[in-house]
Structures are given as structure tokens and as C-alpha cells.
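Notes follow once the structure below has been shown.
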Amino acid sequence: MKNETITADSIILQLAIGLLFPFMLLFGFYIILNGHYTPGGGFQGGGILASLFIARYIIFPVEDTDSEMLHTIQRIFLSAILLVPLCLLFTGVLAQYPNMQKHYLTLMDILIGVQVGFGLGVAVLRFAFFQGSGQTWHL
């Protein structure tokens, strides 16, 4: 992919995404953190966070994002999503301390949200970077 600078034609898109970026970040984490009280949660908040990767690529389409590092982070969060319930549920911690359930649900929403955000971001970036280049990638 060639390194192109942003032209004057895209200044409106740059400004709009630049203004919305912090609000998108806050809204994504708000949905994640309040997911066990309201409709939404980890997956929906992760989708909003993934839109940050997509928005960055739209306004600055260069191949400087290390998608392998993002994929490694995604794998770590996926492992945590599998290990946390195993550790808490099979040890009986949640049965002993029922007040911990809201903290468990919040933790799971955070893990799922970050994992989904990185997962969708990696998928979009890999499709954008490898489109038409003949390169392949692995899971």
C-alpha cells in the first residue's frame, strides 16, 4: 500500500472523526461497564471500540498498525475469557460469595468487550491491508 497523505478533500471527515473519537471511546466503555444492568454489554461495546480502529484507518490509511500484536492481545483476552469462569465457577467462589456476581459480570463484560474490539479491528485491518496483494494470513 502506498503512503499517501490526506488531501484537503477529506478535511471534513478528519474533523468529524477527530471530534467523535473520544466520545466513541467513552460510549464503548460505558456500554461495556453497564452491560449487566442495561441491554448491551461486552459484545456491543466491543463493536463500538472496533469502530475506533476502522475510523483511524479511514482517515489515515497506512499500514503502520501491527496487526500481529493486536491479534496476540486478542488471544490473551480470549484465554482470560475461558480461564476466569473456570477458576471462579469450579472453585465455588461465586457460590460462597453471591455478592461477587456483579463484579464477575463486569469483569466478563470487560474481557469480552476488549476481545471483540480487538477481534473485529484485526479482521477489518487484515482485510484492508491484504486486499488484492496475494498475501495470506493465519489464525
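The values are calculated or read from the model by the stated rules, or taken from the named source; none is laboratory data. Predicted model, so just to flag it, every value in this text is computed and none were measured. Cβ atoms come from the backbone with ideal geometry, glycine included; neighbour counts cover every protein chain shown.
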task: Could you tell me whether residue 113 is at pLDDT below 85 and of a type outside the set (A, V, I, L, M)?
output: no
query: Do any residues in segment 40-58 that are modelled with pLDDT under 85 have Cβ atoms under 6 Å from those of residues that are of a type in the set (Asp, Glu) and in a helix (DSSP H, G or I), where the two are at least six apart or on different chains, and which pairs are they?
result: 41/109; 42/109
message: Just to be sure before I move on: is residue 125 assigned to a helix (DSSP H, G or I) and over 29 Å from residue 16 (Cβ atoms) in the structure I sent?
response: no
- prompt: Is it true that residue 111 is among the hydrophobic types (A, V, I, L, M, F, W, C) and either in a loop (DSSP other than H, G, I, E, B) or surrounded by 17 or more Cβ atoms within 10 Å (Cβ to Cβ) (or both)?
  reply: yes
